[in-house]
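The structure appears below as structure tokens.
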Amino acid sequence: MITIKAVVSKNDIGDFIQVPFYIYKFDDNWVAPLRADEFKKLDRKRHPFYDHAEAELFVARKGRKPVGRIAAIVDRLF
């Protein structure tokens, strides 16, 4: 069964970032982003995007393994 959980902790953010690494690990054409950059993009306290936007992140899991992710984003400038 697949469950969807809101991202609320630093571990959850790590799972959110890790999802494409699981999905594309056998794709020779995929260029993995730097994990540190991904963490910076999702830092709501420091990234300037969140001065005018809100985001909620969700991770889909099959058992305990992250298998998908989605972000709901509202940018108040647009």
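With the largest listed first and rounded to whole Å, the semi-axes of the equivalent ellipsoid of the chain from the Cα gyration tensor are 23, 16, 11.
Any idea how many Lys pairs in the chain come in under 19 angstrom at the alpha carbon, given 8 or more places apart or on separate chains?
So the count of such lysine pairs works out to 8.
Taking every alpha-carbon pair under 8 Å whose residues sit at least 6 apart, the chain reaches a relative contact order of 41 percent.
Using only the C-alpha atoms, the convex hull of segment 19-63 corresponds to 104 Å³ per residue. Taking only the alpha carbons of segment 1-40, we obtain Rg and Dmax values of 11.7, 32 Å in that order. Under the combined filter of DSSP loop state and at most 13 neighbouring Cβ atoms within 10 Å, the chain retains these trypsin sites (Lys or Arg not before Pro): LYS25, ARG44, LYS45, ARG46, ARG64, ARG76.
Any read-out appearing in this document is the output of simple, stated calculations on the displayed coordinates, not a laboratory observation. Here the structure is a predicted model, which means the values were calculated and not measured. Cβ: placed from backbone, ideal geometry, glycine included. Neighbour counts: every protein chain shown.
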